[in-house]
1. Just checking, does segment 12-29 include any residue being charged (D, E, K, R), in a loop (DSSP other than H, G, I, E, B) and farther than 17 Å from residue 270 by Cβ?
2. Residue by residue through segment 281-327, note down the ones that are surrounded by 13 or more Cβ atoms within 10 Å (Cβ to Cβ), part of a loop (DSSP other than H, G, I, E, B) and either under 24 Å from the mean Cα position of the chain (by Cα) or charged (D, E, K, R) (or both).
3. Suppose the filter is in the same structural domain as residue 134 (by TED's automatic domain parsing), over 18 Å from the mean Cα position of the chain (by Cα) and surrounded by 22 or more Cβ atoms within 10 Å (Cβ to Cβ); does residue 63 pass it?
4. Can you name the condition, by its number, that residue 110 falls short on among (1) of a type in the set (A, V, I, L, M, F, W, C); (2) more than 18 Å from residue 61 (Cβ to Cβ); (3) out of contact with any Asp or Glu (no Cβ under 7 Å at 6 or more places or on another chain)?
5. Condition first: of a type in the set (Asp, Glu), under 21 Å from the mean Cα position of the chain (by Cα), outside any loop (DSSP other than H, G, I, E, B) and surrounded by fewer than 21 Cβ atoms within 10 Å (Cβ to Cβ). Can you find one or more residues in segment 341-361 that meet it?
6. Test residue 89 against the stated conditions and say whether it is closer than 14 Å to residue 193 by Cβ and either surrounded by fewer than 17 Cβ atoms within 10 Å (Cβ to Cβ) or out of contact with any strand residue (DSSP E or B) (no Cβ under 9 Å at 6 or more places or on another chain) (or both).
7. Could you identify the single residue in 71, 107, 77 that is under 22 Å from the mean Cα position of the chain (by Cα) and assigned by TED's automatic domain parsing to the domain that holds residue 148?
8. If we scan segment 181-188, do we find a residue that is assigned to a loop (DSSP other than H, G, I, E, B) and buried (at least 18 other Cβ atoms within 10 Å of the Cβ)?
Amino acid sequence: MFNLIHSSTPGRQGEIETEHGNIQTPFFMPVGTTGAMKGLSHKDILDLKSQILLCNTYHLHVQPGDKIINKAGGLHKFIGWEKPILTDSGGYQVFSFGKDGRMKVEKNGVKFKCHIDGRPLFIGPKESIEIQHNLGSDIIMVFDECPPSTASRKNIESAVETTLRWAKKCKMQNEKYKKKNKGKGPLLFGIVQGGLERDLREKCVEELIAIGFDGYALGGLAVGESEKEMLSVVKNITPLLPENSPRYLMGVGMPHQIEACVKMGIDMFDCVLPMRIARHGTIFLSNGKEIRIQNAKYKTDHTVIDESSPSELGRTHLKSYLHHLFKAKERYGETIACSQNLGVVLKTMQDIRSNLITHSL
């Protein structure tokens with residue numbers, strides 16, 4: 001359930017209610033693909049004020065298996081995380097295998113090969129919803145076809161039709177599980193596809209709203225198009241989404257992009273990029289700048305990484321020390337870098353929420 005508290009030019013302030021607690025919007029979701037984040041413990045993530053964790057349906061399905069997790073008491077108990085969890089549908093991962101010819105789209109789903117051992121697998125709307133219910137997620141996503149935003153119009157048009165057909169099946173399957181559970185169950189979000197084709201995006205929005213979902217996501221962005229093109233889609237399509245439902249921009253999470261998209265009405269974000277670039281030495285600073293810690297000048301820079309860092313590690317350790325850890329390939333360097341970058345992104349969200357509250361008074 002979503003409660004829109006206030007909406008204004010700087011953005012929307014709201015709250016999403018879930019079985020494992022309420023989430024203040026707008027918010028960013030750290031990506032713990034297999035139930036963990038590389039380099040950080042759950043306590044680290046909580047200390048940085050994360051309200052929710054995103055995990056991946058496909059990866060947990062193939063290893064260790066959603067049925068095993070279900071028998072352990074669900075994903076929350078299995079990984080030791082007490083706050084809300086969102087699982088993506090696995091669609092993005094499944095379709096990424098199409099790049100090397102290991103995937104075949106059929107009417108009711110996708111045949112593909114496991115990335116671990118090559119065994120044949122099949123996931124469609126029915127299977128995706130079943131897996132996510134086995135995991136016990138608080139927010140789940142429909143299984144969609146997600147081509148690159150730069151794909152041909154013909155391919156994107158076909159993907160929209162498939163996405164809408166599968167969205168209906170996902171909702172039907174979800175309702176069956178909720179009926180068995182006396183009306184209780186996760187929030188189900190629809191996903192708007194359509195690439196850079198505005199009319200196809202508009203068509204997808206209209207038909208998803210007609211089906212009816214608890215929230216709506218913009219998918220198929222940040223996958224090849226320019227930032228200007230991505231922001232144009234967000235600007236044009238977000239106002240078409242229901243005002244009283246949460247709006248989720250998938251795969252976007254650089255601080256300046258978050259700030260721009262909140263102003264356009266987006267409530268939810270996730271992205272692996274801040275953590276990925278951290279592990280390769282690009283460090284966010286709380287003043288909005290970035291540094292490349294492997295650069296030679298940091299070898300003798302004995303100032304702290306970031307005096308105003310939301311991360312204790314960023315406030316404690318020296319740039320010269322972090323430079324040394326990266327050069328020595330010590331994994332603790334990745335931990336410091338990831339803590340710093342995630343801390344900056346989550347603090348960006350806190351500052352945005354504080355500004356929205358102040359603006360509403």
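The values are calculated or read from the model by the stated rules, or taken from the named source; none is laboratory data. Treat the numbers as computed from the prediction; the structure is a model and nothing was measured. Here the Cβ is made from the backbone with ideal geometry for all residues, glycine too, and neighbour counts use every protein chain on show.
1. The answer is yes; a qualifying residue exists.
2. Scanning segment 281-327 gives 281, 285, 286, 301, 306, 309, 310, 311.
3. On the way: in the same structural domain as residue 134 (by TED's automatic domain parsing): yes; over 18 Å from the mean Cα position of the chain (by Cα): yes; surrounded by 22 or more Cβ atoms within 10 Å (Cβ to Cβ): no.
For residue 63, the condition - in the same structural domain as residue 134 (by TED's automatic domain parsing), over 18 Å from the mean Cα position of the chain (by Cα) and surrounded by 22 or more Cβ atoms within 10 Å (Cβ to Cβ) - is not met.
4. Status for residue 110: all satisfied but (2).
5. As a first pass, look at segment 341-361 and keep what is of a type in the set (Asp, Glu): 351.
From the residues that got through so far, the ones that are under 21 Å from the mean Cα position of the chain (by Cα) too are 351.
Within this subset, residues satisfying the condition of being outside any loop (DSSP other than H, G, I, E, B) are 351.
Remaining after also requiring surrounded by fewer than 21 Cβ atoms within 10 Å (Cβ to Cβ): 351.
Among the residues of segment 341-361, at least one is of a type in the set (Asp, Glu), under 21 Å from the mean Cα position of the chain (by Cα), outside any loop (DSSP other than H, G, I, E, B) and surrounded by fewer than 21 Cβ atoms within 10 Å (Cβ to Cβ), which makes the answer yes.
6. On the way: closer than 14 Å to residue 193 by Cβ: yes; either surrounded by fewer than 17 Cβ atoms within 10 Å (Cβ to Cβ) or out of contact with any strand residue (DSSP E or B) (no Cβ under 9 Å at 6 or more places or on another chain) (or both): no.
Here the answer is no, as residue 89 does not meet what is asked.
7. Values: 71 fails: under 22 Å from the mean Cα position of the chain (by Cα); 107 fails: under 22 Å from the mean Cα position of the chain (by Cα).
So the residue among 71, 107, 77 that is under 22 Å from the mean Cα position of the chain (by Cα) and assigned by TED's automatic domain parsing to the domain that holds residue 148 is 77.
8. From segment 181-188, those assigned to a loop (DSSP other than H, G, I, E, B) are 181-186; that's our starting set.
Retained after the next criterion (residues that are buried (at least 18 other Cβ atoms within 10 Å of the Cβ)): 185-186.
Yes, there is a match, as at least one residue in segment 181-188 is assigned to a loop (DSSP other than H, G, I, E, B) and buried (at least 18 other Cβ atoms within 10 Å of the Cβ).
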